[in-house]
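J.: If you scroll down you'll find the structure; I have some questions about it.
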């Protein structure tokens, strides 16, 4: 990370995550990263040469190709039940091309 | 208790209505539910028989319930009504269970305090000035206060086992894959487990019996047969080998906790168990929390990118799709969640992935390798679930770089790294509040875990321990 981890840095990062941080909130994160970086140093101390990442607890195969049968169907009405703005089975959003 | 309730068919309606009324009254004092569910409608269409016939239960509010508000403790989902049931709900309904509450939780299950729910903190039934612990704090409190004999929780770091300790009840996180996660609003997929709270080991056996089993809609769920846990329950400790988690024991500072734990170990020895101390490499223990933090937050950031206020959830106005999403997410998430997403995103930057995220995944393997070494020889790894009883609501005294915090308060993540079954059982009382002991066993060996848990319950006498809310 070449950039300095200051308030502006975290505000920019938050924007990429599609939310805002206030000045105060951003300042809070700067302070939190001071502790976090010390904790991350403890992680760095561990020698992991030649160790494979552990992605899931078990490496047993539990997936399969299911039969091509339609199951657990929900209606279009149900699928859109939690949508605020909708019309004739579609979401309503602001115009993309203006 | 569950077995007796299920047999007592004549009093089903009265029992469920009483539980509901008790939940309504306690809500004023404890704020432990997000939604209270009047059971009248469910009581009209109960199936015949079942392990939970007419037994009132509560669900953590990240469990999807068809037609019932499911918020995961977050403002962004405060209007979300699922159109389907989680698999655990389907199973419990088939067994005749009656839902009376959707319980309070830390926002999106991220947190260990239950202070971050959008409806406010849930309060500990033993002392309302104290936390329940989190993130499944509402579920724990509803069981501890005697409203329901069983409540569903979820556990990504210790979110069932820590509140169980603070509320004086049994908290079970079974093996990864033992209970389907279909319909549970996720936190971190490689660490998330569904589990539950009860007030006795026998009830824990019945609960796992009802909840476990393969579900094709959860690709991580296991094909293994589900044993009859209750009939296999055996508290005989002859030839059982128990390993004390030495690093945790060394870092304890509370003298009463040390005494309670030491005495319990002596009692287990008296009952025939061989008890030794097992030490993990200290470097790995100190790296446990940052390992957890990185994996959990990186996975959470990715899992929750679908919370955008467009397809479901709270929708804020904006002139463009981006603006709608940004406004919805800014107002929808609390500060703690946004902080965690920032950390997760930081760990996932291309330039940080190897150094942080993958490094954490490698350290996870090393920690689990050491646990495997331990469990090769021992049936169980045991340690106090916490240094102390539940913290006061305004307690901010923790030192996040101390061994006390890094090791004692976070050691239970080892059960999530490994996926092995892990459970907290009440160990003793201090200042009128409970504290628990945690045990972790081999993968899919819940039978041994319940057996040792039962032996502990017999020693302490804390069966059906219930808080009287003042």
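The values are calculated or read from the model by the stated rules, or taken from the named source; none is laboratory data. Predicted model only: the values in this text are computed from it and were never measured. Positions of Cβ are generated from backbone atoms using ideal geometry, with glycine treated the same way; all protein chains shown enter the neighbour counts.
J.: Might you let me know whether segment B:355-378 holds any residue that is farther than 30 Å from residue A:95 by Cβ, in a loop (DSSP other than H, G, I, E, B), over 23 Å from the mean Cα position of the chain (by Cα) and more than 9 Å from chain A (Cβ to nearest Cβ)?
T.: Going residue by residue through segment B:355-378, those that are farther than 30 Å from residue A:95 by Cβ are B:355-378.
Those still in the list that are in a loop (DSSP other than H, G, I, E, B) too: B:378.
Subsequent filtering for residues that are over 23 Å from the mean Cα position of the chain (by Cα) retains B:378.
Then keep just the ones that are more than 9 Å from chain A (Cβ to nearest Cβ); that gives B:378.
The answer is yes; a qualifying residue exists.
J.: Taking residue B:312 as the residue in question, decide whether it is within 30 Å of residue A:6 (Cβ to Cβ), at the interface with chain A (Cβ under 8 Å from one of its Cβ atoms) and surrounded by 16 or more Cβ atoms within 10 Å (Cβ to Cβ).
T.: Working: within 30 Å of residue A:6 (Cβ to Cβ): no; at the interface with chain A (Cβ under 8 Å from one of its Cβ atoms): yes; surrounded by 16 or more Cβ atoms within 10 Å (Cβ to Cβ): yes.
The answer is no for residue B:312.
J.: Based on what the data block shows, is residue A:45 loosely packed, with under 15 Cβ neighbours inside 10 Å, under 30 Å from residue B:348 (Cα atoms) and at the interface with another protein chain (Cβ under 9 Å from one of its Cβ atoms)? Quick ask: steps written out before the conclusion?
T.: Working: loosely packed, with under 15 Cβ neighbours inside 10 Å: yes; under 30 Å from residue B:348 (Cα atoms): yes; at the interface with another protein chain (Cβ under 9 Å from one of its Cβ atoms): yes.
Yes, satisfied.
J.: Oh, and also: As an exercise: evaluate residue B:348 against (1) in contact with a helix residue (DSSP H, G or I) (Cβ under 6 Å, 6 or more places away or on another chain); (2) within 7 Å of chain A (Cβ to nearest Cβ); (3) crowded, with 16+ Cβ neighbours inside 10 Å and give the number of the one condition it does not meet.
T.: Checking residue B:348 against (1) in contact with a helix residue (DSSP H, G or I) (Cβ under 6 Å, 6 or more places away or on another chain); (2) within 7 Å of chain A (Cβ to nearest Cβ); (3) crowded, with 16+ Cβ neighbours inside 10 Å, the one that fails is (2).
J.: Pick from segment B:74-87 the residues that are surrounded by fewer than 24 Cβ atoms within 10 Å (Cβ to Cβ) and in contact with a helix residue (DSSP H, G or I) (Cβ under 6 Å, 6 or more places away or on another chain): which of them is farthest from residue A:75 (Cα to Cα)?
T.: B:75
J.: Continuing with the same structure: With the structure loaded, tell me whether residue B:292 is more than 9 Å from chain A (Cβ to nearest Cβ) and surrounded by 15 or more Cβ atoms within 10 Å (Cβ to Cβ) or whether it fails that test. It would help to see each step written out before you state the result.
T.: Values: more than 9 Å from chain A (Cβ to nearest Cβ): yes; surrounded by 15 or more Cβ atoms within 10 Å (Cβ to Cβ): yes.
Yes, satisfied.
J.: Among the residues of segment A:23-39, is any surrounded by 12 or more Cβ atoms within 10 Å (Cβ to Cβ), within 7 Å of chain B (Cβ to nearest Cβ) and assigned to a loop (DSSP other than H, G, I, E, B)?
T.: No; the residues of segment A:23-39 include none that is surrounded by 12 or more Cβ atoms within 10 Å (Cβ to Cβ), within 7 Å of chain B (Cβ to nearest Cβ) and assigned to a loop (DSSP other than H, G, I, E, B).
J.: Looking only at segment A:77-90, count how many residues are outside any loop (DSSP other than H, G, I, E, B) and more than 11 Å from every other protein chain (Cβ to nearest Cβ).
T.: Just the residues of segment A:77-90 that are outside any loop (DSSP other than H, G, I, E, B), to begin with: A:77-79, A:86-87, A:90.
Next cut, more than 11 Å from every other protein chain (Cβ to nearest Cβ) only: A:87, A:90.
Of the residues in segment A:77-90, 2 are outside any loop (DSSP other than H, G, I, E, B) and more than 11 Å from every other protein chain (Cβ to nearest Cβ).
J.: Determine if segment B:384-392 includes at least one residue that is without any contact (Cβ under 8 Å) to a residue 60 or more places away in the chain and either over 26 Å from residue B:147 (Cα atoms) or surrounded by fewer than 24 Cβ atoms within 10 Å (Cβ to Cβ) (or both).
T.: Of all residues in segment B:384-392, those without any contact (Cβ under 8 Å) to a residue 60 or more places away in the chain come to none.
Scanning segment B:384-392, I find no residue that is without any contact (Cβ under 8 Å) to a residue 60 or more places away in the chain and either over 26 Å from residue B:147 (Cα atoms) or surrounded by fewer than 24 Cβ atoms within 10 Å (Cβ to Cβ) (or both), so the answer is no.
J.: Counting residues that are within 30 Å of residue A:61 (Cα to Cα), away from chain A (no Cβ under 14 Å) and in contact with a strand residue (DSSP E or B) (Cβ under 6 Å, 6 or more places away or on another chain), which strands (runs of 3 or more DSSP E) fully inside segment B:157-263 reach at least 2? Walk me through it before giving the result.
T.: On the way: elements: B:170-173, B:193-198, B:241-245.
Because the criterion is at least 2 residues that are within 30 Å of residue A:61 (Cα to Cα), away from chain A (no Cβ under 14 Å) and in contact with a strand residue (DSSP E or B) (Cβ under 6 Å, 6 or more places away or on another chain), the strands (runs of 3 or more DSSP E) in segment B:157-263 that meet it are B:170-173, B:193-198.
J.: Do we have residue B:302 as modelled with pLDDT under 95 and not in a loop (DSSP other than H, G, I, E, B) here? Give the derivation first.
T.: On the way: modelled with pLDDT under 95: yes; not in a loop (DSSP other than H, G, I, E, B): yes.
Against the criterion (modelled with pLDDT under 95 and not in a loop (DSSP other than H, G, I, E, B)), residue B:302 qualifies.
J.: Given the residues A:58, A:64, A:19, A:33, which is the only one that is in contact (Cβ under 8 Å) with a residue 12 or more places away in the chain and under 30 Å from residue B:193 (Cβ atoms)? Write out each step before concluding.
T.: Details: A:58 fails: in contact (Cβ under 8 Å) with a residue 12 or more places away in the chain; A:64 fails: in contact (Cβ under 8 Å) with a residue 12 or more places away in the chain; A:19 fails: in contact (Cβ under 8 Å) with a residue 12 or more places away in the chain.
None of the other options fit; the residue is A:33.
J.: Restricting to segment B:264-284, give me the number of residues that are assigned to a helix (DSSP H, G or I) and touching a helix residue (DSSP H, G or I) at 6+ places or on another chain (Cβ under 7 Å). I'd like the intermediate steps shown before the answer.
T.: As a first pass, look at segment B:264-284 and keep what is assigned to a helix (DSSP H, G or I): B:264-270, B:282-284.
When the remaining residues are screened for being touching a helix residue (DSSP H, G or I) at 6+ places or on another chain (Cβ under 7 Å), the result is B:264, B:267-268, B:282, B:284.
Qualifying residue count for the region: 5.
J.: Would it be correct to say that residue B:319 is out of contact with any helix residue (DSSP H, G or I) (no Cβ under 9 Å at 6 or more places or on another chain) and not in a helix (DSSP H, G or I)?
T.: Numbers: out of contact with any helix residue (DSSP H, G or I) (no Cβ under 9 Å at 6 or more places or on another chain): yes; not in a helix (DSSP H, G or I): yes.
When the stated conditions are applied, residue B:319 passes them.
J.: On to the next question. So, in segment B:10-60, how many residues would count as being in a loop (DSSP other than H, G, I, E, B) and more than 22 Å from residue B:128 (Cα to Cα)?
T.: 14
J.: When only residues in segment B:269-284 that are under 29 Å from residue B:239 (Cβ atoms) and out of contact with any strand residue (DSSP E or B) (no Cβ under 7 Å at 6 or more places or on another chain) count, which is nearest to the other protein chains (Cβ to nearest Cβ)?
T.: Initial filter on segment B:269-284 (under 29 Å from residue B:239 (Cβ atoms)): B:269-281.
If we keep only those that are out of contact with any strand residue (DSSP E or B) (no Cβ under 7 Å at 6 or more places or on another chain) as well, we get B:270-272, B:279-281.
Values: B:270: 35, B:271: 31, B:272: 31, B:279: 16, B:280: 12, B:281: 9 Å.
So, considering only residues that are under 29 Å from residue B:239 (Cβ atoms) and out of contact with any strand residue (DSSP E or B) (no Cβ under 7 Å at 6 or more places or on another chain), the one nearest to the other protein chains (Cβ to nearest Cβ) is B:281.
J.: Give B:96, B:133 a once-over and let me know the one that is modelled with pLDDT of 95 or more, closer than 30 Å to residue B:216 by Cβ and assigned to a loop (DSSP other than H, G, I, E, B). Show your work before the answer.
T.: Numbers: B:133 fails: closer than 30 Å to residue B:216 by Cβ.
So the residue among B:96, B:133 that is modelled with pLDDT of 95 or more, closer than 30 Å to residue B:216 by Cβ and assigned to a loop (DSSP other than H, G, I, E, B) is B:96.
J.: Let me ask another. Would you mind finding the one in B:463, B:470, B:358 that is free of Cβ contacts under 8 Å to residues at least 12 places away in the same chain and surrounded by fewer than 22 Cβ atoms within 10 Å (Cβ to Cβ)? Spell out the reasoning first.
T.: Working: B:463 fails: free of Cβ contacts under 8 Å to residues at least 12 places away in the same chain; B:470 fails: free of Cβ contacts under 8 Å to residues at least 12 places away in the same chain.
When all the criteria are applied, what remains is B:358.
J.: Another question, then. Please enumerate the residues belonging to segment B:115-164 that are out of contact with any helix residue (DSSP H, G or I) (no Cβ under 7 Å at 6 or more places or on another chain), surrounded by fewer than 24 Cβ atoms within 10 Å (Cβ to Cβ) and at negative phi.
T.: Correct list: B:115, B:119, B:121, B:127, B:129, B:130.
J.: While we're on this one: Among (1) within 14 Å of chain A (Cβ to nearest Cβ); (2) more than 24 Å from residue B:297 (Cβ to Cβ), which single condition is residue B:95 missing?
T.: If we test residue B:95 against (1) within 14 Å of chain A (Cβ to nearest Cβ); (2) more than 24 Å from residue B:297 (Cβ to Cβ), just (1) comes out false.
J.: May I pose another question? Which number in (1) facing chain A (nearest Cβ under 8 Å); (2) over 25 Å from residue B:73 (Cα atoms); (3) at pLDDT 95 or above marks the one condition that residue B:333 misses?
T.: Looking at each condition in turn, residue B:333 falls short on (2).
J.: Name the pairs whose Cβ atoms lie under 6 Å apart, with the first residue in segment A:5-16 and more than 8 Å from every other protein chain (Cβ to nearest Cβ), the second crowded, with 18+ Cβ neighbours inside 10 Å and outside any helix (DSSP H, G or I), and 6 or more positions between them or separate chains?
T.: A:11/A:21
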